[in-house]
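The values are calculated or read from the model by the stated rules, or taken from the named source; none is laboratory data. Just so it is clear, the structure is predicted and the values come from calculations on it, not from any experiment. Counting neighbours? That spans all protein chains shown, and the Cβs are built from the backbone with ideal geometry, glycine included.
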Amino acid sequence: MRHNPEFSGDYAHRPVLWREVLDFVSRSSIGGEGLMIDATLGEGGHSELLLVAFPGISIIAFERDPDILDVARVRLKKFGERIQFINDNFSRMASYLAAKEGQVGHMLFDFGISSFHYEKSGRGFAYSVDERLDMRLDGFSGHDAEHIVNTYREKELADLIYRYGEERWSRRIAAAICREREKNPIRTTSALAELVLKAIPARFHVRNIHPATRVFQALRIEVNDELGSIRTAMKDFWRFMAPGGRMIAISFHSLEDRIVKDAFRRLARGCVCDSEMKHCRCLNEPFIKILTKKPVMAGMEELQENSRSRSAKMRACERLSGGVPSGI
Ligand SMILES: C[S@@+](CC[C@H](N)C(=O)[O-])C[C@H]1O[C@@H](n2cnc3c(N)ncnc32)[C@H](O)[C@@H]1O
């Protein structure tokens with residue numbers, strides 16, 4: 001099925017892997033019908049596309065950030081009651097979808113943050129705009145980035161910059177942060193970006209990538225416990241899927257992709273044991289079929305129209321028929 005959607009004009013950024021998302025939905029046995037969950041609504045790009053392409057679907061959309069949710073509400077108003085909005089973390093979907101077990105036709109996760117966050121949120125996601133170091137997606141709960149930068153121990157900082165930022169200079173950067181904050185607390189994006197720039201030897205700066213990029217990514221992931229939310233959702237999502245329904249997850253970070261991949265493997269074996277457990281105790285039948293042996297990546301056409309799609313990896317699975325497994 002070939003789709004040629006009209007993207008609404010005010011939203012410059014096309015949703016990542018949109019052709020592949022539409023194809024996975026249209027080729028399922030459920031087709032473009034029934035209830036869909038958009039777990040990461042953002043500015044509503046994927047949702048708009050799906051609501052236009054499939055007049056038979058309705059959507060329940062989760063979004064953690066109330067500001068971007070307002071943008072999506074305006075954009076998607078024309079679809080009336082076909083879309084319902086929930087301003088909450090997708091990790092809490094079980095508390096909203098209790099009555100929908102086995103009824104969801106499709107589910108989409110498009111992890112990370114949106115260009116809105118870098119360009120318009122005012123919450124310090126980008127090193128290129130001088131703002132206070134906040135980075136909280138919901139804007140109010142938990143510790144912000146300023147707290148982390150100014151209070152974590154040097155080793156904790158180095159570890160998180162290494163793990164979530166995959167930054168080889170993590171120890172030098174953490175040491176530089178700790179030296180600086182003894183003199184002055186680090187409160188702004190530009191203060192942090194400048195400090196990182198100086199901490200990495202100039203000959204190791206990569207052209208076209210600011211040295212602080214990875215540090216900012218690491219802080220954002222830590223501030224919002226992004227991987228914890230994904231882990232919880234990957235444990236829960238299958239309960240809501242109808243047989244034949246498809247779940248699609250788009251990752252931008254190797255750690256996100258690993259969580260999805262591991263969850264798919266376990267569910268394809270039928271295992272619902274806690275991921276920390278070494279041996280499976282539930283011994284269920286296979287519960288999903290994996291549709292993507294390898295992750296799907298953007299093709300040439302998309303790479304040319306959307307540079308953000310470069311690091312996107314999509315995995316998809318299909319719910320098999322069968323009862324609710326034991327062990328839950
Ligand atoms: C990459 S954007 C999604 C873009 C969207 N698919 C589109 O086409 O416009 C990811 C969105 O998910 C939101 N988000 C991230 N983690 C979330 C979570 N745990 N629960 C709910 N929303 C989340 C972010 O605030 C962001 O708006």
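Among residues of the range 250-268 being away from the ligand (no atom under 16 Å from the Cβ) and of a type in the set (A, V, I, L, M), the one that is farthest from residue 162 (Cα to Cα) is 268.
For the range 169-225, filtered to residues that are among the aromatic types (Phe, Trp, Tyr) and more than 16 Å from the ligand (Cβ to nearest atom), the residue that is nearest to the chain's Cα centre (by Cα) is 169. Of all residues in the range 170-214, those that are assigned to a helix (DSSP H, G or I) and of a type in the set (Val, Ile, Thr) total 5. Annotation: residue 75 fulfils all but one of (1) among the basic types (Lys, Arg); (2) in contact with a Gly (Cβ under 7 Å, 6 or more places away or on another chain); (3) more than 10 Å from the ligand (Cβ to nearest atom); the unmet one is (3). Just give me the residues in the range 40-59 being within 19 Å of residue 248 (Cβ to Cβ), away from the ligand (no atom under 13 Å from the Cβ) and of a type outside the set (A, V, I, L, M), in sequence order. Hits for the range 40-59 are 54, 56, 58.
Please determine whether any residue of the range 120-132 is crowded, with 16+ Cβ neighbours inside 10 Å, among the aromatic types (Phe, Trp, Tyr) and at pLDDT 95 or above. Looking through the range 120-132, at least one residue is crowded, with 16+ Cβ neighbours inside 10 Å, among the aromatic types (Phe, Trp, Tyr) and at pLDDT 95 or above. Can you spot a residue in the range 102-114 that is hydroxyl-bearing (Ser, Thr, Tyr) and surrounded by fewer than 21 Cβ atoms within 10 Å (Cβ to Cβ)? Taking every residue of the range 102-114 in turn, none turns out to be hydroxyl-bearing (Ser, Thr, Tyr) and surrounded by fewer than 21 Cβ atoms within 10 Å (Cβ to Cβ). Is it the case that some residue within the range 152-159 is part of a helix (DSSP H, G or I), basic (Lys, Arg) and modelled with pLDDT of 95 or more? Checking the range 152-159: at least one residue is part of a helix (DSSP H, G or I), basic (Lys, Arg) and modelled with pLDDT of 95 or more. Output yes when any residue across the range 210-224 is out of contact with any His (no Cβ under 9 Å at 6 or more places or on another chain) and of a type in the set (Phe, Trp, Tyr), and no when none is. No, the range 210-224 contains no residue that is out of contact with any His (no Cβ under 9 Å at 6 or more places or on another chain) and of a type in the set (Phe, Trp, Tyr). Residues in the range 226-249 that are of a type outside the set (D, E, K, R), more than 12 Å from the ligand (Cβ to nearest atom) and either under 22 Å from residue 17 (Cα atoms) or surrounded by 18 or more Cβ atoms within 10 Å (Cβ to Cβ) (or both): 237, 238, 240, 241, 242, 244, 245, 247. Among the residues of the range 133-152, those identified as within 27 Å of residue 175 (Cβ to Cβ) and surrounded by 15 or more Cβ atoms within 10 Å (Cβ to Cβ) are 133, 134, 135, 136, 144, 145, 146, 148, 149, 150, 152. One residue alone among 316, 233, 249, 242 is under 22 Å from residue 94 (Cβ atoms), at pLDDT 90 or above and over 20 Å from the mean Cα position of the chain (by Cα), and that residue is 242. Within the range 73-113, the only residue that satisfies the criterion of being acidic (Asp, Glu) and touching a Ser or Thr at 6+ places or on another chain (Cβ under 7 Å) is 110. When the criteria are applied in full, residue 62 fails the requirement of being within 12 Å of the ligand (Cβ to nearest atom) and surrounded by fewer than 22 Cβ atoms within 10 Å (Cβ to Cβ). A single member of 90, 85 is under 17 Å from residue 137 (Cα atoms) and surrounded by 21 or more Cβ atoms within 10 Å (Cβ to Cβ), and it is 90.
Per-residue answers, yes or no, for (1) touching a Phe, Trp or Tyr at 6+ places or on another chain (Cβ under 7 Å); (2) within 27 Å of residue 306 (Cβ to Cβ); (3) in contact (Cβ under 8 Å) with a residue 24 or more places away in the chain:
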position: 60; (1), (2), (3): no, yes, yes
position: 64; (1), (2), (3): no, yes, yes
position: 74; (1), (2), (3): no, yes, no
position: 78; (1), (2), (3): no, yes, no
position: 98; (1), (2), (3): no, no, no
position: 101; (1), (2), (3): yes, no, yes
position: 114; (1), (2), (3): no, yes, yes
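Taken across the range 90-104, residues that are modelled with pLDDT under 95, more than 16 Å from the ligand (Cβ to nearest atom) and within 20 Å of residue 231 (Cα to Cα) do occur, with at least one present. I'm trying to understand the selection: among the residues of the range 250-260, which are within 23 Å of residue 285 (Cα to Cα) and surrounded by fewer than 18 Cβ atoms within 10 Å (Cβ to Cβ)? Within the range 250-260, 258 is the sole residue that qualifies. For the residues 126, 158, the requirement of being under 21 Å from the mean Cα position of the chain (by Cα) and either under 25 Å from residue 251 (Cβ atoms) or within 13 Å of the ligand (Cβ to nearest atom) (or both) singles out 126.
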